[in-house]
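Just below is one structure, and these are the notes that go with it.
The values are calculated or read from the model by the stated rules, or taken from the named source; none is laboratory data. What you are looking at is a predicted structure, and each value in this text was computed from that prediction instead of being measured. Cβ sites come from the backbone with ideal geometry, for glycine too, and all protein chains shown count toward neighbours.
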Amino acid sequence: MNSSDVIEQLVDTIISENPRQKSFLEESLKTIPSDEKNMLKEYIQNKLDEGRGIAELAESYNKIVNDTLGEQIYFRKNKKYRFSRFDEVADAVYFNDEYMNFYMLGLALTQFLWSNHRQLFEFFTEILPKERKGSYLEVGPGHGLHFTYAISHSKFEHFLAVDLSDTSIRLTKEAVSSLGTDKEVHVKKQNFLEMEVDQGFDFLVMGEVLEHVEEPLEFLKKLKSLSNPGAKVFITTCCNAPAVDHIYLFNTIGEVRSLCESAGFEVEREFYAPHPGTSLEDSEKRQLPINLAMVLK
Ligand SMILES: C[S@@+](CC[C@H](N)C(=O)[O-])C[C@H]1O[C@@H](n2cnc3c(N)ncnc32)[C@H](O)[C@@H]1O
């Protein structure tokens, strides 16, 4: 398949199954920067080379859109996420290979196709210390897009990713192997809170994990305990943004900030994308979704 038209084929297939995505996706493709468009093409092509089809990718995207819509309806009515315990979602999501495969492929596509996710990724590419050497840790790589970006765009020498889902581990390993890197890279199946390592890290990344766990403060404290002197930590999370496996609800950015400070961090930089067409204050007051990223030290 010609790589220059794989995006078009994907979008056409998504729209044929879900026509309500048409204007949203057409608008999104008008504004995607060319380097990210190239990354999206490369991502789709890698998945096709691994033997997946455009139909599977389109189904993955539509599943995440439809499932998120269902949770948004629940959230608007009840002002809380449907579940609050890890064991209520773990078997249906993280340990369900079929579902998790759809979910992570779909999430990876939203990283390019949804402007809120795109903006968080752009912030990540901006703050990744590209000239720094040492060790890089990523918690919950999922689809592996941040992890592989860091491997190919930084001078860190040692890379470790930990995730408790077999599916995420497989997808991350596939993403690493499509890079063909000769750097030292380890991808380990592990519950982060149970991880025992005798080394510290110089850059630590935990994207979209805090809202998936019952005890986000423990995750932040663990990141702090694994930080070398001078290390930076990059996190992303969201407020008022329901999804099938979001169990910890943040209503305001201030709540995330306070949690980071309680774990002993100072917030060095932050980026947030309120609900389109609203201010941050408005989104918080009306419990609309906000995506956010923080650099901690
Ligand atoms: C929503 S995905 C995030 C993917 C990617 N980091 C991103 O920013 O889009 C959350 C990931 O965190 C993993 N995860 C959840 N709890 C974890 C834990 N206790 N230890 C390690 N990984 C965990 C899940 O298996 C999943 O792969």
Practice prompt. Enumerate the pairs (first residue in the stretch 168-188 and closer than 12 Å to LEU105 by Cα; second residue anywhere and modelled with pLDDT of 95 or more and of a type in the set (Asp, Glu)) with beta-carbon separation below 8 Å, excluding pairs fewer than 6 apart on the same chain, so at least 6 apart or on different chains.
Written response: THR172/ASP163
Worksheet entry | Hits in the stretch 4-16 - residues which are surrounded by 14 or more Cβ atoms within 10 Å (Cβ to Cβ) and either part of a loop (DSSP other than H, G, I, E, B) or in contact (Cβ under 8 Å) with a residue 12 or more places away in the chain (or both) | VAL6, ILE7, GLN9, LEU10, VAL11, THR13, ILE14
Worksheet, complete the sentence: Taking first residues from the stretch 154-166 that are within 16 Å of the ligand (Cβ to nearest atom) and second residues anywhere that are of a type in the set (Phe, Trp, Tyr) and outside any loop (DSSP other than H, G, I, E, B), the pairs with Cβ under 6 Å that are 6 or more apart or on different chains are PHE159/TYR136; ALA161/PHE147; VAL162/PHE192
Discussion item. I need a count of the residues in the stretch 127-153 that are away from the ligand (no atom under 14 Å from the Cβ), among the small types (Gly, Ala, Ser) and on the phi < 0 side of the Ramachandran plot.
Written reply: 2
Item to complete: Could you tell me which numbered condition GLY230 fails, if it satisfies all but one of (1) away from the ligand (no atom under 11 Å from the Cβ); (2) at pLDDT 95 or above; (3) within 14 Å of ALA161 (Cα to Cα)?
Response: (3)
Worksheet, complete the sentence: The condition from (1) outside the structural domain of HIS186 (by TED's automatic domain parsing); (2) of a type in the set (Gly, Ala, Ser); (3) farther than 23 Å from PHE271 by Cβ that ALA108 misses is numbered (3)
Discussion item. Based on this model, can you work out whether ARG257 counts as basic (Lys, Arg), surrounded by fewer than 20 Cβ atoms within 10 Å (Cβ to Cβ), within 26 Å of ALA150 (Cα to Cα) and without any contact (Cβ under 8 Å) to a residue 40 or more places away in the chain?
Written reply: yes
Fill in: Count of residues meeting criterion [of a type in the set (A, V, I, L, M, F, W, C) and more than 19 Å from HIS117 (Cβ to Cβ)] in the stretch 16-42
0
Worksheet, complete the sentence: Of (1) over 24 Å from GLY230 (Cβ atoms); (2) within 14 Å of the ligand (Cβ to nearest atom), GLU98 satisfies every one except (2)
Fill in: Those residues of the stretch 67-90 which are within 13 Å of the ligand (Cβ to nearest atom) and assigned to a helix (DSSP H, G or I), in sequence order
ASP67, THR68, PHE86, ASP87, VAL89
Worksheet item: Among the residues of the stretch 40-90, which ones are among the small types (Gly, Ala, Ser) and over 28 Å from ILE15 (Cα atoms)?
Response: SER84, ALA90
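Yes/no matrix, rows are residues, columns are (1) surrounded by 21 or more Cβ atoms within 10 Å (Cβ to Cβ); (2) assigned to a helix (DSSP H, G or I); (3) in the same structural domain as VAL187 (by TED's automatic domain parsing):
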{"site": "TYR99", "(1), (2), (3)": "no, yes, no"}
{"site": "MET104", "(1), (2), (3)": "yes, yes, no"}
{"site": "LEU120", "(1), (2), (3)": "yes, yes, yes"}
{"site": "GLU131", "(1), (2), (3)": "no, no, yes"}
{"site": "TYR136", "(1), (2), (3)": "yes, no, yes"}
Fill in: Filter result for the condition that a residue is assigned to a helix (DSSP H, G or I), away from the ligand (no atom under 16 Å from the Cβ) and under 20 Å from the mean Cα position of the chain (by Cα), over LEU40, LEU25
LEU25
